[in-house]
Structure formats: C-alpha cells, structure tokens
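What follows is a single structure, written as structure tokens, with notes after it.
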Amino acid sequence: MELTGMISGCIDYTRILSTKDNVKKEENFIPRKVKNGEVKFYKLKRLAPPIVAALLALSPISSPQVSSAQTLEIQRGATLFQQSCIGCHDAGGNVIQPGATLFTKDLQRNGVDTEEAIYRVTYYGKGRMPGFGKECKPRGQCTFGARLEDQDIKVLAQFVKSQADQGWPTIQK
C-alpha cells in the first residue's frame, strides 16, 4: 500500500498526484488573490495529508538519529572491548566462567545489570575477572596487563550495557 493510502485511509490521492490529471488540473493549483490581499491555494488542501505524511516519515521524530558524538562513543567502547575484553567475553559470552556472561539474564542474576555495577566489576574485578582500573587493589585481583583510565572504563561499561540490552549483535573484527 502506498504511503498516501496508509495515512489517509479513504481518499485516493493517486488520482490527484498522477501526471496526466495534474496537467489537466494545473490551473486549479494557481494561487488566487482574494480580498484584503490574501492568497489562497484551494486545491492544495487535498495534497496536505500526503505531504504531511511524507514529512513525518522522513523526520527525525519518527526515527531518532544517533549523534556523531554517540557514534564515536559506541565505536570507542567497541574498540576498548576488543582490546581488553574479547579474549574472555567474545560475543558477550565467557570462556572462563560460563555462568558469568555479559547477557542480560546473567548480568541480572549476578547483580551486575547497571552501568555502575559493570563499571565497578571492570574497575576492581570480581571472582575470576581481573580489575582494569588504575587504582585497582588488591594486586592479585587486578590485571597484569595494561590498566584503563576511569573514562575508558565508563565508556566500556556503557558499551557492555547497550550490547546486553540489544542481545549482543556480532561485532565486526
């Protein structure tokens, strides 16, 4: 069904919008001056619903746009995940401890289903997962590899939470 037909429901705009009919009725769409210098477009009222429908379909209201800053943060989170986490958590799983995946059901069961909780576990570590924070203690709980800045861990926690909410779509390597 055409967009115009879906919006209006009862008026057949295809007749109004066809080239053949518009050529015949072109003089009906010419603005007419009325008293007091006003200009009215009598036949354009028929075109208002499909024009409004097209504008709504293409407007950012109907499909929220992701800002370039958000896109950069998502990309940065994906890069950090690939550098620091993918060895154990490929595609949101967990190769070391199967019950501690990054899927929503496991995050909820383990009490790590908010960005703040994901941040804490990433910073300080928990169980078999090492901490990656600059000030992570005790030393045996922390990674022996490179540590992450606080802001990087925050971006990483946002990324993990968003991926868990989306069901962990495949990340392009």
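Side notes on the structure shown:
- Distance between modelled label sites at A117 and E149, nm, 7 Å Cα→Cβ extension: 2.9 nm
- Area accessible to solvent at T71, 1.4 Å probe radius, in Å²: 70 Å²
- Net charge over other residues, Cβ less than 10 angstrom from the Cβ of A100 (K, R count +1; D, E count -1): +2
- Packing, as the average of other Cβ atoms within 10 Å across residues, places the peptides 84-91, 162-169, 117-124, 135-142 in the order 117-124, 84-91, 162-169, 135-142, highest first.
- Extended-chain gain in nm, criterion 0.36 nm per residue less alpha-carbon gap, T71 and Q108: 10.7 nm
The values are calculated or read from the model by the stated rules, or taken from the named source; none is laboratory data. Computed from a predicted structure; not experimentally measured. In this analysis, Cβ positions are derived from the backbone assuming ideal geometry, glycine residues included, and neighbour counts consider all displayed protein chains. Areas reflect the complete protein model, heavy atoms only, side chains present, ligands, DNA and RNA absent. Shrake-Rupley method; radii C 1.70, N 1.55, O 1.52, S 1.80 Å.
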